[in-house]
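The values are calculated or read from the model by the stated rules, or taken from the named source; none is laboratory data. All values derive from a computational prediction rather than experimental measurement. Every residue, glycine among them, receives a Cβ derived from its backbone with ideal geometry; neighbour counts consider all protein chains shown. Side chains included, ligands, DNA and RNA excluded: accessible areas come from the protein's heavy atoms. Shrake-Rupley method; radii C 1.70, N 1.55, O 1.52, S 1.80 Å.
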Amino acid sequence: MKATSKSPANIAFIKYWGKADPKTRVPQNNSISMCLSDLYSLCTVEFNSKFKKDKIEFVNERIVLNKERERIIKVLDRTRNLAGIDLRAKVLTQNNFPKATGVASSASGLSGITLAACRALDLKMKGKELSKLARLASGTASRSIPNGFVEWKKGTNENSSYAKQIFPADYWRIADVVAIVSYKMKKVSSTEGHSLANTSPFQKTRLKLLKAKVKSIKQTIKNRDFSTFGQILEKEALEMHAICLTSTPSILYWSPTTIDIMKKVQSWRNQGKLESYFTIDAGPTVHLICQQNDEKKLAVRLKKIKEIEKIVINHPGSGAREINQHLF
Ligand code: PMV
């Protein structure tokens, strides 16, 4: 009773920030994202009567918090309940990027664990059922189940809140050039950030305007209208961070290098030299969205910023899937 998954991180074009129900992770708003081709987690789960308790291990991670283990055990409990068994499990996870720096490690890791645990127990669920199950582990994990460009509809309750593909991965040749600026774990988790969103005096206004924004960004993806898409994308990232900055207590996820990159990207664009737009999740990492023709040029420029630790070029990618090579 063993299975292995490969599951991508995703980058949000319209951000999920604030939960309508913290327990079931039903969000306050719809969000739009793209699965990333080159940032992913591998995960093997085995249920076996020889295990006396659940054993959770990470490859190459210096710090593993108790709350991370607890969150994974909850995924195991949910799948055990669904399968009606009571076997303990061993879980081994490996990310190909540092976690908790603003690359969605909870999205790739927890969607991957959800899929591997289901398959190990021979649970056949897929599509929206799998996305809902992943959402219970981490909101953004629901968006790493479908392929390509994805919308997570907030729904009205836990049964109607799941993510679905809006366009396949090969629909649009854009890239996400990810600039990881620090290997340090962020101080304020996104779970904490979500819970503070309603303390910002601007969250209500944000939610009111979001419906129209979601509609327009979907239209720009449909039309492959890169310039309009990029403008909406960048404003949206700043808006989510405006909520963070004006929460009580205030959260500032950026580092000086984050701001340096934001300014450079805008100036390259304004000089007409290179059209790319930034977006930033809950951390200092900057995601630079460009057309695939420009990705190498952009990476060359970023390499000159010596504070950047790592640059990873991503294309629109697949969602979580089962693979045959087990980690143990
Ligand atoms: O890591 P989570 O699932 O608690 O949510 C993080 C949300 C952001 O990454 C900041 C935005 C998004 O929609 O991905």
So which residues in the stretch 24-41 are hydrophobic (A, V, I, L, M, F, W, C) and within 13 Å of ILE313 (Cα to Cα), if there are any at all?
CYS35, LEU36, LEU39
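Mind checking which residues of the stretch 20-44 are open to solvent by less than 30 Å² (accessible area, probe 1.4 Å) and either within 17 Å of SER106 (Cβ to Cβ) or in contact with an Asp or Glu (Cβ under 8 Å, 6 or more places away or on another chain) (or both)? Write out each step before concluding.
Step one: filter the stretch 20-44 for residues open to solvent by less than 30 Å² (accessible area, probe 1.4 Å), giving 24, 26-27, 29, 31-36, 39, 41, 43-44.
Listed by number, the residues that qualify are THR24, VAL26, PRO27, SER31, ILE32, SER33, MET34, CYS35, LEU36, LEU39, SER41, CYS43.
Table: residues versus (1) open to solvent by less than 20 Å² (accessible area, probe 1.4 Å); (2) within 14 Å of the ligand (Cβ to nearest atom); (3) of a type in the set (Gly, Ala, Ser); (4) part of a strand (DSSP E or B).
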position	(1), (2), (3), (4)
VAL91	yes, no, no, yes
GLN94	no, no, no, yes
SER108	yes, yes, yes, no
ALA116	yes, no, yes, no
All positions within the stretch 299-328 that are open to solvent by less than 90 Å² (accessible area, probe 1.4 Å), outside any strand (DSSP E or B) and in contact with a strand residue (DSSP E or B) (Cβ under 9 Å, 6 or more places away or on another chain):
ALA299, LEU302, ILE305, ILE308, HIS315, GLY317, SER318, GLY319, ALA320, HIS326, LEU327, PHE328
Per the filter on the stretch 248-257, residues away from the ligand (no atom under 13 Å from the Cβ), open to solvent by less than 40 Å² (accessible area, probe 1.4 Å) and assigned to a loop (DSSP other than H, G, I, E, B) are SER255
Quick check on the stretch 132-146: of everything there that is away from the ligand (no atom under 13 Å from the Cβ) and of a type outside the set (A, V, I, L, M, F, W, C), which residue is nearest to PHE167 (Cα to Cα)?
PRO146
Only residues that are open to solvent by less than 10 Å² (accessible area, probe 1.4 Å) and over 21 Å from the mean Cα position of the chain (by Cα): list them for the stretch 267-298, please.
LEU274, LEU298
Going through (1) within 24 Å of PRO284 (Cα to Cα); (2) within 13 Å of the ligand (Cβ to nearest atom); (3) not β-branched (Val, Ile, Thr) one by one, PHE149 fails only at (2)
